[in-house]
Amino acid sequence: MGDWLEYANVVTVRLLRSQVEEVYRRRSTAPAASGDRPRPGRIGLRAVESKDLRDLVRFSETGPHHSAVFESERLWSEVVCLDRAQELGPVSDPDSDALLVLLAGEVAVQVGWRRKRLRQWGTVLVPAGSELTVRNASIEPAVILLVAAPPPTARPISE
């Protein structure tokens with residue numbers, strides 16, 4: 001059964017690949033008409049916005065290093081790099097829920113009055129209005145992915 005399933009998967013992948021190549025071939029040879037729009041119910045192929053998070057990893061001796069990943073009207077994300085003994089926060093936003101994912105290292109996280117120690121791939125939900133503090137809990141650097149929705153509102157530093 002395993003050999004048959006593997007063969008079926010290979011055939012399916014080849015079929016899909018040939019269909020995608022055919023779509024690209026048609027698009028590249030079709031004359032561009034002004035005002036052309038995709039017909040309803042058809043999905044057009046366009047580039048997907050992507051980034052390699054490893055390209056955003058940078059450390060600073062003076063404090064956490066922040067690198068924007070994506071930002072839209074509905075979502076905000078950044079990579080935060082903490083060297084040994086560095087911390088982020090406390091930070092909060094009254095309107096945004098956030099998700100913290102530890103990509104590398106080990107950190108101590110405090111959300112409100114609750115604490116949790118995270119290792120690589122650990123994640124924490126930060127409800128809107130909660131105060132978040134993250135501290136590197138080892139001698140190794142830590143890399144964090146923060147995602148918030150809706151995007152946090154920019155506020156003066158004095159708040």
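Of all residues assigned to the range 51-64, none qualifies as being touching a Lys or Arg at 6+ places or on another chain (Cβ under 8 Å) and either surrounded by 15 or more Cβ atoms within 10 Å (Cβ to Cβ) or part of a strand (DSSP E or B) (or both). Out of all the residues in the range 69-77, is one or more surrounded by fewer than 19 Cβ atoms within 10 Å (Cβ to Cβ), free of Cβ contacts under 8 Å to residues at least 60 places away in the same chain and either more than 30 Å from V48 (Cβ to Cβ) or small (G, A, S) (or both)? No, the conditions are met nowhere in the range 69-77.
Condition first: outside any loop (DSSP other than H, G, I, E, B), surrounded by 12 or more Cβ atoms within 10 Å (Cβ to Cβ) and of a type outside the set (D, E). Can you find one or more residues in the range 148-156 that meet it? The answer is yes; a qualifying residue exists.
Report whether or not G129 is among the small types (G, A, S) and closer than 24 Å to K51 by Cα. In short, no.
Each residue in the range 78-90 was checked for being loosely packed, with under 15 Cβ neighbours inside 10 Å and on the phi < 0 side of the Ramachandran plot, and 2 pass. T153 falls short on exactly one of the conditions (1) of a type in the set (S, T, Y); (2) closer than 24 Å to S60 by Cβ; (3) touching a residue at least 60 places away in the same chain (Cβ under 8 Å), and that condition is (2). For R27, the conditions (1) surrounded by fewer than 10 Cβ atoms within 10 Å (Cβ to Cβ); (2) at pLDDT 60 or above; (3) not hydrophobic (A, V, I, L, M, F, W, C) are fulfilled apart from (1). Tallying residues that are over 10 Å from the mean Cα position of the chain (by Cα) and part of a strand (DSSP E or B) within the range 72-83 yields 3. Could you check the range 104-138 and list, in sequence order, the residues that are within 22 Å of R58 (Cβ to Cβ) and among the acidic types (D, E)? Residue satisfying the conditions is E106 alone. Could you tell me whether any residue of the range 111-134 is part of a strand (DSSP E or B), surrounded by 10 or more Cβ atoms within 10 Å (Cβ to Cβ), touching a residue at least 24 places away in the same chain (Cβ under 8 Å) and not β-branched (V, I, T)? The answer is yes, given that some residue of the range 111-134 is part of a strand (DSSP E or B), surrounded by 10 or more Cβ atoms within 10 Å (Cβ to Cβ), touching a residue at least 24 places away in the same chain (Cβ under 8 Å) and not β-branched (V, I, T).
The values are calculated or read from the model by the stated rules, or taken from the named source; none is laboratory data. Keep in mind that what you see is a predicted model, and the values were worked out from it rather than measured. Ideal geometry is used to build each Cβ from the backbone, glycine not excepted, and the neighbour counts take in all protein chains shown.
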